[in-house]
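Below is one structure; the comments refer to it alone.
What follows is calculated from the coordinates using simple rules that are stated; it is not laboratory data. Computed from a prediction, not measured in an experiment: that's the story for all the values here. For neighbour counting, all protein chains shown are included, and Cβ atoms are generated from backbone atoms with ideal geometry for every residue, glycine included.
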Amino acid sequence: MPVVLLIIFGAAAGFLATRIMDVRTDVPTTVAIGVAGALIGGFVLRFIAMIGGMAFGFVGAVVGAIALIWIWQWYRGRRK
């Protein structure tokens, strides 16, 4: 089923891309352009998401460490 969806989405994406870029091609070429574009776009978006995910994970770790230090200092201040 994913292959069928890839071809359907590829056909739609290829059609839109060829119209936006004003390129006149036949149907098989339009589908091939769309499928190739979907593969390339998928890899690029996954790479960006991976890099973003690592960056967000680092930011989350820093915020968590700051929160822990703040709680620890607050607790230490209460005990004095």
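Rounded to whole numbers, the Karplus 3J(HN,Hα) couplings from phi for segment 22-38 are 6, 10, 9, 10, 7, 4, x, 5, 4, 5, 4, 4, x, 5, 5, x, 5 Hz, using 6.51 cos²θ - 1.76 cosθ + 1.60 with θ = phi - 60°, and x at Gly and Pro.
Projecting label points 7 angstrom from Cα along Cα→Cβ for residue 4 and residue 73 puts them 6.1 nm apart.
With Kirkwood radius over Cα pairs in Å as the read-out, I listed [x] 12.5; [y] 16.3; [z] 13.1; which label goes with the value calculated from this structure? The value matching this structure is [y].
Result for the chain in a Gaussian network model with C-alpha springs under 10 Å: among 15, 43, 58, the largest mean-square fluctuation is at 58.
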